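Below is one structure, written out as structure tokens; the observations come after it.
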Amino acid sequence: MIAPRRFLPSISSLLALEAVERLGSATAAAEELALTHSAVSRQLKTLQDQIGVTLLRREGKGLALTPAGVDYAASIRDYLQDLARASLKIRAAGEQSSLNIAVLPAFGTHWLLPRLRRFAAENPDITLNFGTRLSPFDFTREPFDAAIHFGGADWPGATHLELGRERVIPACAPDLAAGPLKAQDLLALPLLHLETRPGAWEDWFARQGCPVGHLRGMLFDQFGQMAEAAALGFGVALLPAFLAEAEFRAGRLRPAVAGYTEVDGAYHIVWPQIRPPSRALQKLLRWLRHPD
């Protein structure tokens, strides 16, 4: 339900307030908005009267925002950005349906996008848009229809569809170690770590029957950066199969040990429970369940 009209200020008055707060003066705001100083002042006064809270105070010959005005400007800036994104989304899609999907960088590049090429060809009426997110977010505050999630089926307020379990393998530059090594041999080499997978190496060693204590080493926030560091010889990276196989084919990395190890956690596509999936998302979910 839309709020009563008295609580919905005009876009022009909100733009004026946001510009004054960001630029520091009504004069600068007027220049950016291609308005006169008096026009900006009128917009601000109209907004203040409508809200019923003092948003402005006179400072010398100019205007300054009150603390309430500053807080309100910060809130409406998010609204204006959401409105701009919605307009850009429909402009880019035109008459087509569109899907905005938040992806994990490496999984999106090496697993999801190659598969979605056929989906896109089979569904030319759907435009796919992608944005990178590394951790769960609030669907009510982010403009995404769905997201890729790694871990358990534990994203709050979301429905989950599992896409695949995680398999990992230690990988290193071809000249870092000769031939596949035994698990304990890796302890003599520098080990690279991922910020979002604390304890991943310790878990991998335990699964090889070689329990170890807390391991230290270079830390990265994305698999792609860690794989690049491994290719440059900085150490051994514990990589998921979809990324490791791409690096092995390119010859940049080689398996440091023989064979993949399945670990806890899976990749899911998730979508909000607060609203039914759109027709376009329903098509994608059906396709992901039965891609062949």
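The numbers here are math on the coordinates, done by the rules we state, and not lab data. None of the values given here were measured: they were computed from a predicted structure. A quick note on method: Cβ atoms are made from the backbone with ideal geometry, for glycine too, and the neighbour counts reach across all protein chains shown.
For helix 67-93, report the angle its Cα long axis makes with the longest principal axis of the Cα atoms of the chain; keep it between 0 and 90° and round to the nearest 10°. Taking Cα atoms only, the helix is inclined about 60 degrees.
Each label point was placed 7 Å from the Cα along the Cα-to-Cβ direction; for Ala258 and Leu134 their separation is 3.6 nm. For segment 166-265, the fraction of C-alpha pairs farther apart than 19 angstrom is 32 percent. In this structure, Ser75 and Asp175 have a Cβ-Cβ separation that, at R0 = 51 Å, corresponds to a calculated FRET efficiency of about 0.40. Helix 279-289 axis versus longest C-alpha principal axis of the chain: approximately 10°, rounded to the nearest ten. Model label sites at His214 and Ala68, defined 7 Å from Cα along the beta-carbon direction, differ in position by 5.0 nm. Estimated translational diffusion coefficient (Stokes-Einstein, Kirkwood radius over Cα pairs, 37 °C, 0.692 mPa s) of segment 162-206: 266 µm² per second.
Scanning residues 5 or more positions from Val212 or on other chains, those with amide H under 5 Å from its amide H are Ala206, with H placed 1.01 Å from N in the peptide plane. Couplings for segment 193-205, taken from phi via the Karplus curve 6.51 cos²θ - 1.76 cosθ + 1.60 with θ = phi - 60°, read 10, 9, 4, 7, 10, x, x, 4, 5, 4, 5, 4, 4 Hz in order; Gly and Pro are left as x.
Distance between the 7 Å Cα→Cβ label points at Arg167 and Arg279: 3.9 nm.
Over the chain, the reciprocal of the mean inverse Cα-Cα separation, the Kirkwood hydrodynamic radius, stands at 23.0 Å. Scalar couplings 3J(HN,Hα) for segment 111-125, obtained by applying the Karplus form with A = 6.51, B = -1.76, C = 1.60 to θ = phi - 60°, are 10, 6, 4, x, 6, 6, 4, 6, 4, 4, 5, 7, 10, x, 7 Hz; x denotes Gly and Pro.
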